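One structure below.
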């Protein structure tokens with residue numbers, strides 16, 4: 001998955017690939033790095049790379065992310081190229097699934113690359129002891145899944161993106 005991120009006024013391309021034990025992460029000015037870790041509690045992660053372990057606090061509101069990396073605060077904006085393209089309505093793409101409430105991912109019945117139909121369940125999130133099904137609004141292909149089963153979520157977390165078939 002590729003992201004364009006503005007961090008403290010500097011735009012950076014970040015690429016992330018899921019691996020069996022974590023992720024591979026690359027930025028414009030770095031080589032691929034193996035990263036491991038996960039949520040300690042909602043909004044707090046512990047990640048490891050280059051033999052170090054770092055505590056990361058994250059608060060997401062729409063496209064804005066407030067991070068606390070160890071004791072260093074950072075502000076970031078995730079730039080969705082679909083929302084800035086000609087004809088876009090300026091909001092989230094209809095193929096983007098966001099959770100409006102905090103919760104925990106309990107099921108992901110689809111995989112990246114899978115063709116889906118409008119109305120098909122993409123991700124199930126438990127919130128307040130109820131299971132909430134997030135369904136595709138369009139016929140398309142699962143372009144990315146940004147969460148994993150068991151992951152605690154903040155409100156407005158991007159769950160998945162569905163791309164229109166080409």
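Placing a label point 7 Å from the Cα of residue 104 along the Cα-to-Cβ direction, the residues of segment 110-128 whose backbone N falls under 18 Å from that point are 123-128. A Förster radius of 22 Å combined with the Cβ-Cβ distance from residue 111 to residue 63 puts the calculated FRET efficiency at roughly 0.30. Under the criterion of Cα pairs below 8 Å and six or more residues apart, the relative contact order for segment 2-79 equals 23 percent.
For every helix of n ≥ 4 consecutive DSSP H residues, a contribution of -39,500 (n - 2.57) applies; sum these over the chain, divide by its total residues, and give [θ] at 222 nm rounded to the nearest 500 deg cm²/dmol.
-500 deg cm²/dmol
Between residue 71 and residue 52, the simple spin-label model (points 7 angstrom out along Cα→Cβ) gives 1.5 nm. Shown for segment 2-79 is the translational diffusion coefficient from the Stokes-Einstein equation, using the Kirkwood radius over Cα pairs, a temperature of 25 °C and a viscosity of 0.890 mPa s: 186 µm²/s.
Obtain the radius of gyration and the Kirkwood radius of the chain from its C-alpha atoms and give Rg over Rh. Show your work: numbers first, answer last.
Numbers: Rg = 16.0 Å, Rh = 16.9 Å.
Result: Rg/Rh = 0.95.
Per residue, the average separation of C-alpha pairs within less than 8 Å and at least 6 apart gives the chain a relative contact order of 18 percent.
Among 49, 134, the order by Cβ neighbours within 10 angstrom, fewest to most, reads 49, 134.
Show me 158-165, 122-129 ranked by packing, highest mean number of other Cβ atoms within 10 Å first. All intermediate terms of the calculation are to be shown ahead of the outcome.
Working: 158-165: 18.6, 122-129: 16.2.
Output ranking for 158-165, 122-129: 158-165, 122-129.
Values quoted throughout were computed directly from the atomic coordinates according to the rules given, and no laboratory measurement underlies them. It should be emphasised that the depicted structure is a prediction, and the values quoted were computed from it without experimental measurement. In this analysis, Cβ positions are derived from the backbone assuming ideal geometry, glycine residues included, and neighbour counts consider all displayed protein chains.
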